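Below: one structure, written as structure tokens.
The values are calculated or read from the model by the stated rules, or taken from the named source; none is laboratory data. What you see is a predicted model, and the numbers here were worked out from it, not measured in a lab. Every residue, glycine among them, receives a Cβ derived from its backbone with ideal geometry; neighbour counts consider all protein chains shown.
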């Protein structure tokens, strides 16, 4: 039997409502005259439905009391009033009520409205629980997750906040996802967001920007969902900047191994020797381990133009460049390959010999 609380300051009308409700098979758990008492009764006894007059005695009118009840107790409220003025009806509508009955009412009308309100509220609560469960799943997911609706970021979990390099959800929520995507990848993202027909969305990668405009490469796993009862996209974002940097470096090492003559040298941004192989040492033949030493402090064993190296680090290029190294015995014509870190910044130069010209044979 469903429990009902009647909130009505007119004893005669309250008694009529009680008779109607008993005939309809409802259990009346209480009758109140003011909004404060109604709120306390709801907190104590948790009725299934509240039948609420609008013009009540005390500090809270019926609409104000209903807003408190629905927010604090999640109980559906049906208004019963003889007032049909525009302002009152509008306030009732915006209070998210579950019905508005105009006095005088019939028993049949009351019964139908009570049934509709009960099942409508039950469906709303079930939907809210599902959405909360989904939010909990998103929040605890082991990868960065974000929800995009109409192109706008509506929700993201803590790992996604970490990915975007911010601690504050308000920095991201409500902004367009396109604003965080590199221009080159915007058409791809827009094509995914505009496609309403594909049942499955193949994983794709994007280059995005953090809140502070730092570039990141991510693999995106997308699916269609309902969010707040409307279509949306759920994006799982896996950062692959480091992986892609390794792939790019391996490609350059492969090209160097296939096209070079054997000797290899690696130099960092401080112009220090990071590593080299025995074949390169044979051409330079220093009396010490060159690792950690600046290439500019090793004359006459090795002489590299400072400006040429600086230009390589400063220019944004993925192409190999020509580098000449002058040793005591040879002029080494080499190719330099830029190796980037996971943020796309030039980190090292891979130097590979193409041709060695003995100085005694040079014209």
Can you name every residue in the stretch 258-270 that is touching a strand residue (DSSP E or B) at 6+ places or on another chain (Cβ under 6 Å) and either farther than 20 Å from residue 331 by Cβ or at pLDDT below 90 (or both)?
260, 261, 266, 268
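This table checks each residue for (1) closer than 21 Å to residue 83 by Cα; (2) touching a strand residue (DSSP E or B) at 6+ places or on another chain (Cβ under 8 Å).
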residue: 26; (1), (2): no, yes
residue: 30; (1), (2): no, yes
residue: 34; (1), (2): yes, yes
residue: 40; (1), (2): no, no
residue: 43; (1), (2): no, no
residue: 47; (1), (2): no, yes
residue: 50; (1), (2): yes, yes
residue: 54; (1), (2): yes, yes
residue: 60; (1), (2): yes, yes
May I ask you to say which residue of 93, 89 is exposed (fewer than 13 other Cβ atoms within 10 Å of the Cβ) and free of Cβ contacts under 8 Å to residues at least 12 places away in the same chain?
93
When the stretch 1-28 is checked residue by residue, the ones that are crowded, with 17+ Cβ neighbours inside 10 Å and either in contact with a helix residue (DSSP H, G or I) (Cβ under 8 Å, 6 or more places away or on another chain) or not assigned by TED's automatic domain parsing to the domain that holds residue 107 (or both) are 4, 5, 6, 7, 8, 17, 20, 21, 26, 28
Buried (at least 16 other Cβ atoms within 10 Å of the Cβ) and modelled with pLDDT of 85 or more: which single residue out of 297, 327, 322 fits that description?
327
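Can you tell me which residue within the stretch 115-147, out of those that are outside any loop (DSSP other than H, G, I, E, B) and touching a helix residue (DSSP H, G or I) at 6+ places or on another chain (Cβ under 8 Å), is surrounded by the fewest Cβ atoms within 10 Å (Cβ to Cβ)?
Taking the stretch 115-147 and keeping what is outside any loop (DSSP other than H, G, I, E, B), we get 115-140, 144-147.
Restricting the remaining residues to those that are touching a helix residue (DSSP H, G or I) at 6+ places or on another chain (Cβ under 8 Å) gives 139, 144-147.
Values: 139: 13, 144: 20, 145: 22, 146: 25, 147: 22.
Here the residue is 139.
Here is a check on your reading of the model: is residue 232 in contact (Cβ under 8 Å) with a residue 40 or more places away in the chain, within 20 Å of residue 180 (Cβ to Cβ) and not assigned by TED's automatic domain parsing to the domain that holds residue 348? Walk me through how you get there before you give the answer.
Details: in contact (Cβ under 8 Å) with a residue 40 or more places away in the chain: yes; within 20 Å of residue 180 (Cβ to Cβ): yes; not assigned by TED's automatic domain parsing to the domain that holds residue 348: yes.
For residue 232, the condition - in contact (Cβ under 8 Å) with a residue 40 or more places away in the chain, within 20 Å of residue 180 (Cβ to Cβ) and not assigned by TED's automatic domain parsing to the domain that holds residue 348 - is met.
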Based on what the data block shows, is residue 284 surrounded by 18 or more Cβ atoms within 10 Å (Cβ to Cβ) and either touching a residue at least 24 places away in the same chain (Cβ under 8 Å) or not assigned by TED's automatic domain parsing to the domain that holds residue 341 (or both)?
yes
